[in-house]
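Remarks on the structure that follows.
The values are calculated or read from the model by the stated rules, or taken from the named source; none is laboratory data. Note that this is a predicted model, so its numbers are computed, not measured. Neighbour counts are summed over all protein chains in view; Cβ atoms, including those assigned to glycine, are modelled from backbone coordinates with ideal geometry. These area figures cover heavy atoms from the full protein model, side chains too; ligands, DNA and RNA do not enter into them. Shrake-Rupley method; radii C 1.70, N 1.55, O 1.52, S 1.80 Å.
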Amino acid sequence: MEQSLLDQLFEHASPLETTSTKQALQIRDESGQGKGDIFGEFTKAYTFEWAATQRHTGLHVQDGTATKHCMQSEEQVAAWLMKDTLKPSPQGETHQWNLRIIAFEALKPVGAMDRHLFVPLPLSRKLFLQISVHFELSAAYLGALTSRNVEFSRAFDYRNTTTENSGKLKYVFKQDWSSSPKVSVALTYDPKTRQSVAVVFGLYEYYIDRLFSTVEESRSLLLAPMIVPIVALEHQTQRYEKTSAHIRRTLNEAERATGMRFFANPSWLENGVTDNILYEPEEIADWRDADLIKMSQTVNTIASYVAFDENQLKRTASILDFIEQETAELRDKCFENQEDDLVFMHNAMLSKLRQLRAYRSGILGQYPYLAKRIGAHTQTLLNLFTLKDNEAMKTMAELSRQDNIAILKLSETSTQIAEDSRAIASATARDSSSMRVIANVTILFLPATFIATFFSMSFFNFQHPNGPKTVATEIWIYVVCAVALTLLIQALWVYMSRKLELRISKMQNQEEVAEQMLLSAKVNSRLTQYTSRVKSLTRVRSERAQPTDRASHDLAKTTFRPNSLNE
């Protein structure tokens, strides 16, 4: 079955189209380098059909009818393909399908999707071949989908070989959108019957609904074959405008956070006009309160968006040139065939193209200005990081200076204590010398003093008039009293000395414990303060060091293509 469909597809194709398609099928079937199969799981298919009213006076595009359907399975799509293109004619009127569109909802990305890899088509190989054969799509469509370079192509129906223009015209368009996978449109147009069929891949449900609604609103242009790609490009341009507005708002907020949005025109100040000043001085935010790392990441992100959108707008210009050229050729042929209604329609399409060009040119003109603003803001962030690092170094130097002053004061105190200790030691040495002299003198005269005192007592009488009696018998009383008193005094001295030593020792222990506790508390407090300051300074330096290289590096990588944007 599939081989039969392939034979039908290649029957009227050129050798180049046949080769590219076979190459694409062969490469994808082998799943080279983990790219997987070109065909994936079916999601949903949406159809749009429009039929103009055919009367005896001609074809009336404004009185046509439009129908939309949502299909949940490939069987429904296959049945829709087999539906007759001619409807019954009520009251003598004939309704013929002039435009048929089928759009397949794009597969949702899982995790971080690599946009450089091919996203599988949301249908089976068999259904794709059925659609290609039934709609007589270009055989090069599959090759264009798998190629990274093809953006548009044109082919002719080779069944009629008499003249080149007698067959159907077949077009392929492909473009990258940042908010969805690669968007592609395959279009077949029959100039004789004025019928167009289109197959769309890569859009999500929201964009498909917008595409069908805009096409339905353009009733006067529905006979022109390029209406589908033009509407798709118009929606893409509107998304670029929203992206540009979002980038400007984000950049304004970042500039205000760093104080860059405060400025005034000199002519305003000369004329005394202050209403146009963006921000009053007191309203300017302090850049020290801003998260510079997050701000750097935001600026790098919008720089990537600017680079991607600018590149896409420039690449799309060639598609607009191609559409304009094809539309002009069709208009000239209609003019030769005296088909005035189609000539008017193609002129309207050319006018719409010129408006779209001007629209896109206006958006494209904003990107160099935004890129310069992003560059200036990135340089400002680098300067702020440097300034923050300098402030951190200044704070560290101040802490080091305070520590040096404290160490110097401690050294001076230690020197003073040493000097006082030396003076006390000198005084103690002098007192010891004096006491030694006094002790020596006392020892020298103490025996003689004792003997003189002892023999001067009344117990001895060497001058008794009645005889030789010289010593009294009561001398034992002196000996007893003297020994007892001496022992008592010695005992009291020993007791009081020990009690005093214990008290002094206890007081010394308490003082030592108090001094140790006080010293420990001071050391811990000092260490805590120093540690907190060091951590704070280290964090500041790390904040400066991390985004500085990344900010300058990421700004240079402006060719990065983002995955999505929160509009």
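Things to note:
- Charged side chains reduced to their Cβ positions (Lys and Arg at +1, Asp and Glu at -1) give the stretch 362-483 a dipole of some 380 debye around its Cα centre.
- Per-residue extension of 0.36 nm, minus the Cα-Cα distance of Ala452 and Ala66, leaves a gain of 123.8 nm for this segment.
- Packing-based order for 511-519, 388-396, 248-256, 221-229, using average beta carbon neighbours within 10 Å, highest first: 221-229, 248-256, 388-396, 511-519
- Residue separation of Thr193 and Ala245 scaled by 0.36 nm, minus their Cα-Cα distance, works out to 14.4 nm of gained length.
- Per residue, the convex hull around the alpha carbon atoms of the stretch 395-435 comes to 24 Å³.
- For the stretch 190-263, the residue among His246, Ala198, Leu233 whose Cα projects farthest onto the positive side of the dipole built from Cβ charges is His246.
- By accessible area with a 1.4 Å probe, ligands and nucleic acids excluded, highest first: order of Tyr207, Tyr367: Tyr207, Tyr367
- Spin-label model distance (nm) - Val479 vs Phe335, 7 Å beyond Cα toward Cβ: 16.4
- Radius 12 Å from Cβ of Thr528, net charge of other residues (Lys, Arg +1; Asp, Glu -1): +4
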